[in-house]
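Throughout, read-outs are computed from the coordinates displayed, never taken from laboratory work. Because the structure is predicted, anything quoted here is derived from the model rather than measured. Here Cβ is always computed from backbone atoms with ideal geometry, including for glycine, and neighbour counts include all displayed protein chains.
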Amino acid sequence: MKRIVGLAAGVLALCAIVLADNALLINGAGATFPYPIYSKWFDVYHTKNPNFQFNYQSVGSGAGIKQVTEGTVDFGATDGPMNDDQLKAFQEKRGSAILHFPTVLGADVPTYNIAGVSTALNFTPEALAGIFLGKVTKWNDPAIASANKGVNLPAADIVVVHRSDGSGTTYIWTDYLSKVSEEWKSKVGKGTSVNWPVGLGGKGNEGVTGLVKQTPDSIGYVELIYAVQNNIPYGSVKNSSGNFVKADLASVTAAAAGAAKAMPDDFRVSITDAPGKTAYPISSFTWLLIPQKFQDAGKRDAIKGFLNWMLGEGQNSVETLSYAKLPKEVVEKEKKAIDNIQ
Amino acid sequence: MATTTTALKGAGPVSGSRSFFMKLRDGDEIARLITLLFATTVVLITLALVWELWVNSALPRQKFGFHFFVTSVWDPIIDQYGALPFIYGTMVTSAVALLIAVPLGIGAAIFLAELAPPRVSDILQFFIDLLAAVPSVIYGLLGVFIIVPLMRTVIYPALNQPFGYLPIFKGPSYGVGFMTAGIVLAIMVIPYIISVSREVLLSVPRDQREAALALGSTRWESTWKVVVPFAKTGIMGSIFLALARALGETMAVTMVIGNTPKIAASLFAPGYSIAAVIANEFTEATGDLYLQSLIALGLVLFLLTFILNGLARLLIVVTTQKGSEVGG
């Protein structure tokens, strides 16, 4: 009996806390890739500013765009920028524009499993495009071997593994291949899901990793963060300056800095194959999608406050979660853009 | 709530109002109305489901029409969608699953119901019921970590070397594919077949067995020639329950099928199923046509289940002309 009374008291106390916590609730939905850092940011921001509570659902970039367009959430988030049709649809439905705000950076890395090869391989853009188009079919093909002198590559058939679920990771990978290969651009194109010429599909980063680990002579692509956190070996990729670069936080930020000079005012920019000697070529921003006009002034100010905090103090904590920081130039430009939110 | 009130009104009693109130006082009429309401809900939910799927898949119906069923390009970039590889994959994996699960399941059920000591039977039944309750993602993991390597190192060489000239066993194996998915599905549906078949076999009247034995048949003869035919309808029912689960299974299939929308004769080739592609692509389906094509696939799966169930009913009606009503 005592236990029940205690339990009831506990439940009542919890209810009291929940009821007392009448913070302004701001809802968002979208990309899964930045979810760990977003949930950390929103949590820290709430403890610092108890008046605002951000609630983020990682339902996928596509669903995020859809929900913010329908107006069921206050802001969205995406790994690939919205295209012109989507911007137009938003304008028509909501009567105002939508703004893109880069938050952190991510990258895709090639991971492989070849019997007897334990060194990190070098991949040229031609080799990657050839493999994923199904034209380079053996590991000892000159396209791969010429960049890996001294590595004893077998004459085995290459098994390609890609994502089966729609994903920002796939968007970045296919965006890169579209830039480096005309044939890829015309035959396949870029998107969160594409019609793959060859290969097996794995669900999520873990599905791709599992298939690569289990299938001899296979190659796939995963997010850099996933590869780092799970100690998955991955190869280097040749960038636009001709250097083979292994992805890490510094080389990803370098890619963003290389692209920052040509940053358009709406921040919708692809930084794959970016210029810069140390830039990693398969990198990308991830964006928050904020409507330009808010009906509710309280929500508007809360979001503006959060964006300012995210670009300042918030950036300091991203590297602990293996995300690459925004370069300074981009941060400055974004701070000015916050004023456009009305 | 509006639908429930109309259902209540429509379901009014046939008899006059006086006796209606009399019955209401007894409580019988209340019980009848409430249970009728529950039964009607099931029908209403099904109809609402079909309606939603139909309305939300108008775009692909207008754009592709019948071609949706017979083309095999699935390309979100150029907005071209064809359902054939998914329909093919769903049917092939389910067929493989049933080919494996039916003999195994019915054999096990016969042993448990007829030959095993009752105590052993009850204990085993407990474990079988447990298997039926395991979430499908667990079976998917089992597939990824045990069946896929086994497929590559044992099953593939064993079938490809002697029978490689047959189209269904040709070509390389990546470990994942139609057959792997079929095997995982078979493991998942066997408990259903055993459970239901055993119950049906146990409910065959004792006289039937005793009569057969009295006529001088052996124990196996009485089981195979008398008890099993008697319980045929119920056993069929268990198989269709298994088929329904195999057709709609999502998680376990997507983990081991290879997720490649291609039609291949070889069972070792990777493929795709309807439920798997919906689960994989729904969250990131951005265009209207893309999203609606996925919903149209849902409708196709519904139709497929509906048609196969209809055929099953027909089969039961035809084959039970001389059978029995047990478990029907």
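If I go through the stretch A:35-72 residue by residue, how many of them are closer than 22 Å to A:Y323 by Cα and within 12 Å of another protein chain (Cβ to nearest Cβ)?
Qualifying residue count, the stretch A:35-72: 7.
Could you please find all residues in the stretch A:51-109 being among the aliphatic types (A, V, I, L, M), buried (at least 20 other Cβ atoms within 10 Å of the Cβ), in a helix (DSSP H, G or I) and without any contact (Cβ under 8 Å) to a residue 40 or more places away in the chain?
A:A63
For the list (1) away from every other protein chain (no Cβ under 14 Å); (2) in contact with an Asp or Glu (Cβ under 9 Å, 6 or more places away or on another chain); (3) crowded, with 24+ Cβ neighbours inside 10 Å, I need the number of the one condition that B:I194 fails.
Looking at each condition in turn, B:I194 falls short on (2).
Would you confirm whether any residue within the stretch B:222-231 is under 21 Å from the mean Cα position of the chain (by Cα) and either of a type outside the set (K, R) or buried (at least 18 other Cβ atoms within 10 Å of the Cβ) (or both)?
Scanning the stretch B:222-231, I find at least one residue that is under 21 Å from the mean Cα position of the chain (by Cα) and either of a type outside the set (K, R) or buried (at least 18 other Cβ atoms within 10 Å of the Cβ) (or both), so the answer is yes.
Pull up the stretch A:111-129, narrow it to residues that are touching a helix residue (DSSP H, G or I) at 6+ places or on another chain (Cβ under 7 Å) and assigned to a strand (DSSP E or B), then point me to the one that is farthest from A:T272 (Cα to Cα).
The qualifying residue farthest from A:T272 (Cα to Cα) is A:N113.
Looking only at the stretch B:30-82, count every residue that is out of contact with any Pro (no Cβ under 8 Å at 6 or more places or on another chain) and within 14 Å of chain A (Cβ to nearest Cβ) and tell me the total.
Qualifying residue count, the stretch B:30-82: 10.
Can you tell me how many residues in the stretch A:130-167 are under 30 Å from the mean Cα position of the chain (by Cα), under 28 Å from B:Y272 (Cβ atoms) and outside any strand (DSSP E or B)?
14
Hey, any hits in the stretch A:169-179 for a residue that's away from chain B (no Cβ under 11 Å), surrounded by 24 or more Cβ atoms within 10 Å (Cβ to Cβ) and of a type in the set (F, W, Y)?
There is at least one residue in the stretch A:169-179 that is away from chain B (no Cβ under 11 Å), surrounded by 24 or more Cβ atoms within 10 Å (Cβ to Cβ) and of a type in the set (F, W, Y).
State whether the residues of the stretch B:263-272 include one that is within 14 Å of chain A (Cβ to nearest Cβ), surrounded by fewer than 18 Cβ atoms within 10 Å (Cβ to Cβ) and within 25 Å of A:G210 (Cβ to Cβ).
No, the stretch B:263-272 has no match at all.
State which residue is farthest from the chain's Cα centre (by Cα) when the search covers only the stretch A:281-336 and only residues that are over 21 Å from A:I26 (Cα atoms) and basic (K, R).
Top of the filtered list is A:K336.
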